[in-house]
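Asker: One structure is given below, represented as structure tokens, and several questions about it will come after.
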């Protein structure tokens, strides 16, 4: 080992030992550290889901959370670190009873589980450029919670695309714009690189760009973002200079929000301490080289094995305390505890609506999400298969919280790409997970196909069998609608095709729209909320039995097991999905009669676009109280058998019969 590297290595090892002691203090294991404040007596509960942020106390808002983004070159381990820092409990949607059992419909959409990857995590693959969109979640290190953002890989070519030096309308341009937006909205940027490969020109170009935005505003307006991009194009300056077009008000707002954005370099893929030995001198040279870039000394970590998380935990805890102190907020947000307790006791309608956007590839799912949100939140384009991860975005529609999820296109298993480490299978798995956790699933159709495809019917069948409410979005109507053929005609044609090929989905809500031009996109959310209301509806038992009497008078059930079948009464066991229990004198009813009951029930209670589950239960053949009344007449206290038994026991014990009116005292 070179003599000039020995002090540097000793300094890194000393920082790691100190960080391990500090992180024990952060999570409440020790009280000897003097670097941080005393830990709270108990760990704070996780923050609410992203879609529930508007329920917080007035003294807290989304800006009080520390925002941490992960940047770096492609295939540097960003998604692996994202999965490790993710708080699984906080990011779990409220359970609907479908996670604990096997899905009913995986085989119908060609679903395979190629790996043991835990549900809800980012897709990890050895293929460079796997991550494309900006994915957010709630992260946790010890007792500190923060917003965590995973981004696409950054290199010099993509930065040139973002600055207009190359084609800005390509997929690379959309990816780098999402990454840049994540960096600008962050309080802490974790810049990762593969320490075994060394420092590349792309990494140095990324570091140079991050130095420019180090003191830029965290949350900028659209006008300010244009100014920052203009400053980025100036290669001669290390810090952005306000443009002459910026008004004094904007400059005052930027000065008010300007603060030091922390940028930390992470040297990834350094498992254990073997890399610090003499035969691994290249790694130490790479660490020393990246230190001279001007962003401080890197933290050696291993995202796969969890090494080095102690240093990151201390850093995140310190920055979180500093941000809350800068905003004038207490160190612990006690208002979150009250809001979470109140949200758990509130009605289910106040929970965020879980909305999943499903469909085949290149039908306009991502364009629809961007049209609903009013911004370029997810990557959209003409190339099929752009979306891979299921991107969950919190949103508020007319004061109502919504958690909208953009998913990857679902193709048949025989047509999927198998060469890229089964990335498409993982994307379909993530889409199916989003469908199982959704309240309402929107199936997007392409008007250019002219007819409903078998794969779309399979997706619709999967949604209904899973117990979710279904809404059809007939997209790209601008290609078929003209002066003679209206949007209403297009929606009716789609509904007729669905009813003809899938009678179970008759009268399913269909919204004809064009997500590219924005026509009729505003009509989707009222239909979605109405579908959720019908899906979660609880019908009174009296109303159900009055409906049952009318149905039985019209058409009684056929004979079963050689005797007439009788349905005594009906009651609803739960909603979401609507499930009902039929008490009969037989164990089962014919499938044709259950279909008749289902159709009549849908017509009477407007339960279209969802599965109505009717469960048959055989009631008791006899009165359950009859056997108890007819038996036990000569047993028990006071019966002649009991008196005879006590008499025999007394004779054996004393030789004399027991006195009348007196019994053996009970031992206490």
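The values are calculated or read from the model by the stated rules, or taken from the named source; none is laboratory data. Keep in mind the model is a prediction, meaning the values are calculated, not measured. So basically every Cβ, Gly included, is an ideal-geometry build from the backbone, and we count neighbours across all protein chains shown.
Asker: Checking residue 386 against (1) closer than 23 Å to residue 66 by Cα; (2) modelled with pLDDT of 85 or more; (3) surrounded by 15 or more Cβ atoms within 10 Å (Cβ to Cβ), which single condition isn't satisfied?
Answerer: (1)
Asker: In the list 224, 181, 157, which residue meets the criterion of being assigned to a helix (DSSP H, G or I) and at pLDDT 85 or above?
Answerer: 181
Asker: State whether the residues of segment 399-407 include one that is in contact with a helix residue (DSSP H, G or I) (Cβ under 6 Å, 6 or more places away or on another chain), surrounded by fewer than 24 Cβ atoms within 10 Å (Cβ to Cβ) and more than 25 Å from residue 460 (Cβ to Cβ).
Answerer: Yes: segment 399-407 contains one or more residues that are in contact with a helix residue (DSSP H, G or I) (Cβ under 6 Å, 6 or more places away or on another chain), surrounded by fewer than 24 Cβ atoms within 10 Å (Cβ to Cβ) and more than 25 Å from residue 460 (Cβ to Cβ).
Asker: Does residue 657 count as touching a helix residue (DSSP H, G or I) at 6+ places or on another chain (Cβ under 8 Å), more than 30 Å from residue 463 (Cβ to Cβ), outside any strand (DSSP E or B) and modelled with pLDDT under 70?
Answerer: Here the answer is yes, as residue 657 does meet what is asked.
Asker: Given the condition modelled with pLDDT of 90 or more, over 23 Å from the mean Cα position of the chain (by Cα) and either crowded, with 22+ Cβ neighbours inside 10 Å or part of a helix (DSSP H, G or I) (or both), answer yes or no: does some residue in segment 426-436 qualify?
Answerer: Checked segment 426-436: no residue is modelled with pLDDT of 90 or more, over 23 Å from the mean Cα position of the chain (by Cα) and either crowded, with 22+ Cβ neighbours inside 10 Å or part of a helix (DSSP H, G or I) (or both).
Asker: Condition check: part of a helix (DSSP H, G or I) and either touching a strand residue (DSSP E or B) at 6+ places or on another chain (Cβ under 8 Å) or at pLDDT below 90 (or both). Does residue 635 satisfy that?
Answerer: no
Asker: If you check 477, 500, which single one turns out to be buried (at least 16 other Cβ atoms within 10 Å of the Cβ) and without any contact (Cβ under 8 Å) to a residue 60 or more places away in the chain?
Answerer: From the options 477, 500, the qualifying one is 477.
Asker: Just checking, which of 452, 410 is modelled with pLDDT under 90, part of a loop (DSSP other than H, G, I, E, B) and closer than 30 Å to residue 598 by Cβ?
Answerer: 452
Asker: State all residues of segment 262-295 that are closer than 21 Å to residue 214 by Cβ and under 35 Å from the mean Cα position of the chain (by Cα); if no residue qualifies, say none.
Answerer: Once the filter is applied, which keeps residues that are closer than 21 Å to residue 214 by Cβ and under 35 Å from the mean Cα position of the chain (by Cα), segment 262-295 yields 262, 263, 264, 265, 266, 267, 295.
Asker: While we're looking at this one, here's another question. Can you list the helices (runs of 4 or more DSSP H) found entirely within segment 510-612 that contain at least 1 residues being on the phi > 0 side of the Ramachandran plot, without any contact (Cβ under 8 Å) to a residue 12 or more places away in the chain and surrounded by fewer than 19 Cβ atoms within 10 Å (Cβ to Cβ)?
Answerer: Output list is empty.
Asker: While we're looking at this one, here's another question. Given 491, 460, 449, which one is within 24 Å of the chain's Cα centre (by Cα) and either without any contact (Cβ under 8 Å) to a residue 40 or more places away in the chain or over 17 Å from residue 388 (Cβ atoms) (or both)?
Answerer: 460
Asker: Before we move on, is residue 482 free of Cβ contacts under 8 Å to residues at least 12 places away in the same chain, over 24 Å from residue 387 (Cα atoms) and outside any loop (DSSP other than H, G, I, E, B)?
Answerer: no
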